[in-house]
Amino acid sequence: MTASSSVFGTPEARREWWPDATLGGAVAFVGFAEQTSGFQFLGEVTLDAWVVILGFSLAAGLSRRVPGAALAVVWATCILQVLTGSRLMIIELAVAFVAFGTARYGSPLVVWLSGLSIPIGTVAALIVVREVGSGFLARLYNPVRTIYTDGSVGPATMAMFGLAVLAVPWLLGLLVRSRAQTEVSRADRDVAEMLREEAEAGRAQAQEIADLRAEQARLAHDVHDVVGHSLAVILAQAESAQFLPEDDTDRIRQTLQNVAVSARQSLQDVRTVLSGGDELGTTTAGLDGLVDSLWIAGNDLRSSVVGEPRPLPPELDVVAYRVLQEMLTNALKHGRRGEPVWIERHWEGELRIEVRNLVDDSSDPDWPVDPAAPEPTAPGSGIAGMRRRVESVGGHLDVRRRHDDQHGMTFTTTAWVPFRTTASRA
């Protein structure tokens, strides 16, 4: 299939070219009528005249779809007309369609070339009129002929006529082009505004989803801390009950009571977290209550406080409480059974919380060997969860194994919580 058939082969393409074909046919009809009606007083219709008719008809038909080609056809036809010495014809007024089409539909290069063609074409027309005669212009400007003694159309009249035929349609094409570009720009602005609004809505939705996921992650971490802590306490109490004498009913009852208290406290803490609240009381009372609850449950805790405790902002209060809770949970879960857990709280400069417990020389696989070791637990829980909490308020966490000459291998977790949060890195 050739290129021409691909362009004109479809019904849609043929319908799009109908106006252009009609214009070209109309121009050809005018040229044919001019040559056969005797308007030019020619003795015979020459081949050169038919070439001019064909050239200007083709240029008019191409002026909308292919304005650059139309401009080239006009210049080629005019040059051929000058070389053959043909007289001017009415059909050459069709150059107005080409001037309009190049300015309205042409590329920037075609617009510039067509604009330069106006003065060049006008000068060339003056030269042609002087050399080959005015032709049909003498009839169109018959009242003006009386001004000139020789009966010809003067250069001033020809220049005005040429500018009117070329410049006016060209300027009109520029005006229509400008208005069309303005409409396109307005439509583009409307589309851009619509896309901006859609993007804003998308960003708002993404932010809402991110906030929801962050809230879900926070709830998951808090529930993990609460439930993990309570289960560790309950497990430690239940395992200690196995070693109680069967006839020591008082201690067995006390242990079961401690298990029940821990379970009820866990349920209460979970309800508080899920309800959106995290009211833990003041920092000192909350941390003391957490340590006391484990001590009452029968765990061997060695707690010490250095410095003067002070109240912390709510966000730091929650971090200190949850971090200490997770430290104690890990100590009870992974520490050596029946051995004490040391808890230190330092209030000098910043709050430093340290929990130390004894571990076997054969390390528990759930504990990292050094601070840089990867953790097997899920991201956000365990040590990773503590580190995330502390770093979110500008603090830091240190986890390491130490050898104590008196007690043996210990595992120490230390968290530094600033009294004021200067930059959140959550």
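Things to note:
- Extreme residue, surrounded by the fewest Cβ atoms within 10 Å (Cβ to Cβ), among residues of the range 23-65 that are modelled with pLDDT of 85 or more and not in a helix (DSSP H, G or I): 65
- Hits in the range 389-407 (condition: in a strand (DSSP E or B) and under 21 Å from residue 329 (Cα atoms)): 396, 397, 398, 399, 400, 401, 402
- All positions within the range 336-351 that are within 51 Å of the chain's Cα centre (by Cα) and crowded, with 18+ Cβ neighbours inside 10 Å: 343, 345, 351
- Checked against (1) of a type outside the set (Gly, Ala, Ser); (2) modelled with pLDDT under 85; (3) within 26 Å of the chain's Cα centre (by Cα), residue 189 meets all criteria but (2).
- Test: residue in the range 395-414 that is among the aromatic types (Phe, Trp, Tyr), modelled with pLDDT under 85 and assigned by TED's automatic domain parsing to the domain that holds residue 330: no
- Residues that are modelled with pLDDT under 75, part of a helix (DSSP H, G or I) and within 18 Å of residue 413 (Cα to Cα) do occur in the range 230-241.
- Pairs are defined by a Cβ separation below 7 Å, a sequence spacing of at least 6 or placement on different chains, a first member in the range 206-229 that is more than 15 Å from residue 389 (Cα to Cα), and a second member that is assigned to a helix (DSSP H, G or I); the pairs so defined are 227/266; 227/270; 228/329; 229/325; 229/328; 229/329.
The values are calculated or read from the model by the stated rules, or taken from the named source; none is laboratory data. Everything numeric here is computed off the predicted structure, so don't read it as measured data. Heads up, the Cβs are rebuilt from the backbone with ideal geometry, glycines too, and the neighbour counts pull from every protein chain shown.
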